[in-house]
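Encoded as structure tokens, the structure appears first; notes follow it.
Computed from the coordinates by the stated procedures, all read-outs in this text should not be read as laboratory data. All figures in this text were calculated on a predicted structure; none of them were measured in a lab. Because the Cβ atoms are built from the backbone with ideal geometry, glycine has one as well, and the counts that use them run over all protein chains shown.
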Amino acid sequence: MKLKIGRYLLAPLVALSAAPAAAAPMTLPLSAADMLAQTHSHAVILNITATFRQLTGVFRYDLAAKTCSVDATFMVHSLSFPNALIRAQTMSTGFLDPAQYPTQRYVGTCQGNTLVGQLTMRGQTHPFNMAVTYQMTNGEVTGVHTEGVLNRYQWGLNGLSFTVGKMIRVTNDISLDGQPPKAAKTS
């Protein structure tokens, strides 16, 4: 959820300097201004990207030690979609059901180039790991991209089975340089 966890994947408590990330332990309070969290799914003949507009959390990282952790909560009602019909179907009781399940949460730690964690969605918590890529600008790390794929049925997303594919790709792009996050180019 472009979490992009999936994909679903985080309210500022401290402001981040606009200077590039230093090689020292850092804590970044997360909001939609710092993290672009999206889900990418296939529905009939369309690829659909949904973006979380409200999230809170914290991202801790130490570039020198190559460690990081994240604890992010995503407000389900804040997901934006390409159109009202897709939004209505996705927010239905058989799918995301934000009236009963208003948030999704992801907690994880970096282990090498993998973010190993747990995703809670629709009241169910299961392991969910994502690949980690550090984004560089002029030799400085300015962002972090995470990406993973989940089987929606594992979290009880059983509705829309004839229109939405089984696998959902989740991407998250976290800005470390004070600039708005941008979606990483993926293959």
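Provide Thr39, Thr171, Thr67 in ascending order of the number of other Cβ atoms located within 10 Å of each residue's Cβ, fewest first.
On the way: Thr39 30, Thr171 27, Thr67 13.
Ordered by Cβ neighbours within 10 Å, fewest first: Thr67, Thr171, Thr39.
Test of understanding: ordering Val170, Val164, Val58 by Cβ neighbours within 10 Å, fewest first, what list do you get? Kindly include the intermediate steps, with their values, before the conclusion.
On the way: Val170 27, Val164 21, Val58 16.
If I rank by nearby Cβ atoms, fewest first, I get Val58, Val164, Val170.
Taking the Cβ of each residue in Val132, Val70 as the centre, tally the other Cβ atoms inside 10 Å and list the residues starting with the fewest. Could you put the intermediate results ahead of the total?
Details: Val132 21, Val70 27.
Ranked by crowding around the Cβ, least crowded first: Val132, Val70.
Hey, what's the per residue convex hull volume over the C-alpha atoms of region 26-175, in cubic angstrom? The partial results should precede the final answer.
Numbers: hull volume 16.0 nm³, N = 150.
Residue-normalised Cα hull volume stands at 107 Å³.
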